[in-house]
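For reference, the structure discussed in these notes is given below.
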Amino acid sequence: MASATATQLQQLYIAYFGRAADPSGLEYWVDAGTTTELFAASMAAQAEWTTVTSGKTTGQKVDQLYINLFNRSADESGKAYWVGEIDAGRMDIATLGKDLVYAAINDPKNASDKAILTAKTDTAIAITNELSKSVDASKEYTADSKTPYIAGSDITASKAFLTAVTATNIPTTAEIVAHVADIGSLVDSITANSASVNEGTSVTFSIEC
């Protein structure tokens, strides 16, 4: 199987996470030469996906992929087909994202979905490229906690930014630059000195997000 391109990986970040790829993560996977199938399975196993879909039915998980990719729930006939295949064990939700992307791009009947996916993909690529220019933004573009998974304000804001993208509402370069600047503007830091820390064998910090 051919290695996935950076663009294909971006589309799977959108499918499972609803956001642009982080620069270091994207670079890692491109260099690793992963396939779209293996990458999709890896994304579906991440807490960023499993936390959002915890307790949801197969149909609701299918809808989540559609919402992330196309800003809409699945049509009833399409959803019934995917749910039937997944529940019968002939398909896996962990790789459905790549199939939805493929169908949107290659099936002429899906022109409207393709237009939205193209706009989201182009925007995600631009966001990742802009993130790579800022050390602060790259550091902040991560979840507040991974166990348990807590997205935090930066990831949540970036998901909302991409959700607003449609075929007719495509962010300008200036808007993308401003969005990434906002991500990098509030870098978490802690400063402590001998006057503010009681002496002991250890120091405990409590942080409220």
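The values are calculated or read from the model by the stated rules, or taken from the named source; none is laboratory data. A quick note: this is a predicted structure, and the numbers were derived from the prediction, not measured. We place every Cβ from the backbone using ideal geometry, glycine too, and count neighbours over all the protein chains shown. Note: areas computed on protein heavy atoms with side chains; ligands, DNA, RNA excluded. Shrake-Rupley method; radii C 1.70, N 1.55, O 1.52, S 1.80 Å.
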Legend entry - J(HN,Hα) series, segment 173-183, from Karplus relation 6.51 cos²θ - 1.76 cosθ + 1.60, nearest Hz, glycine and proline x: 4, 4, 5, 5, 4, 5, 4, 5, 4, 5, 4
Inset, instruction - Measure off, as a whole percent, the carbon and sulfur share of the 1.4 Å-probe accessible area of the chain, all protein chains present. - result: 53
Legend entry - Residues whose placed amide H lies under 5 Å from that of residue 91, excluding near-sequence neighbours: 86
Inset, instruction - Give me Rg over Rh for the chain, both radii from the alpha carbons and Rh done the Kirkwood way, two decimal places. - result: 1.04
Legend entry - Efficiency of FRET between residue 136 and residue 42 - r from beta-carbon atoms, R0 30 angstrom, step 0.05: 0.65
Inset, instruction - Just tell me which aspartates and glutamates come within less than 18 Å, Cα to Cα, of residue 139; anything on the same chain fewer than 8 places away is out. - result: 22, 27, 48, 130, 154, 182, 188
Legend entry - R0 of 25 Å, Cβ-Cβ distance residue 1-residue 81: FRET efficiency to nearest 0.05: 0.55
Inset, instruction - Subtract the Cα-Cα distance of residue 88 and residue 160 from 0.36 nm times their separation in residues, and report this length gain in nm to one decimal. - result: 22.5 nm
Inset, instruction - Starting from the Cα of residue 56, draw a straight line to each of the lysines and keep only those under 26 Å, dropping any in the same chain fewer than 8 residues away. - result: 79, 98, 120, 146, 159
Inset, instruction - Report, in degrees rounded to the nearest 10, the 0 to 90 angle that the Cα long axis of helix 58-70 makes with the longest principal axis of the chain. - result: 80
Legend entry - Loop-located trypsin sites (Lys or Arg not before Pro) in segment 1-82, at most 14 other Cβ atoms within 10 Å (DSSP): 56, 72
Inset, instruction - Provide the per-residue ³J(HN,Hα) series for segment 42-48, in order, calculated from phi with Karplus coefficients 6.51, -1.76, 1.60 and θ = phi - 60°, each as a whole number of Hz, with x at glycine and proline positions. - result: 5, 4, 5, 8, 6, 4, 5
Inset, instruction - Report, to the nearest 10°, how far helix 152-163 tilts away from the longest principal axis of the Cα atoms in the chain, using its own Cα long axis and a range of 0 to 90°. - result: 30
Legend entry - Two-decimal log10 I(q)/I(0) for segment 82-192, as the Debye equation yields it once each C-alpha is a single scatterer, q = 0.13, 0.16, 0.22, 0.23 Å⁻¹: -0.66, -0.89, -1.16, -1.19
Legend entry - Computed lengthening from residue 57 to residue 112, 0.36 nm per intervening residue step minus Cα-Cα distance: 17.2 nm
Legend entry - Amide H within-cut-off set for residue 150, under 5 Å, with H built and near neighbours excluded: 144, 145
Inset, instruction - Within the set of other residues whose C-beta is less than 14 Å from the C-beta of residue 132, count the net charge using Lys and Arg as +1 and Asp and Glu as -1. - result: -3
Inset, instruction - Working from Cα positions, state the angle (0 to 90°, nearest 10) between the long axis of helix 6-17 and the longest principal axis of the chain. - result: 80
Inset, instruction - Return one whole number: the accessible area per residue of segment 1-154 in Å², for a 1.4 Å probe. - result: 48
Legend entry - Per-residue ³J(HN,Hα) for segment 85-92, Karplus 6.51 cos²θ - 1.76 cosθ + 1.60, θ = phi - 60°, Hz, x for Gly and Pro: 5, 5, 5, 7, x, 7, 9, 9
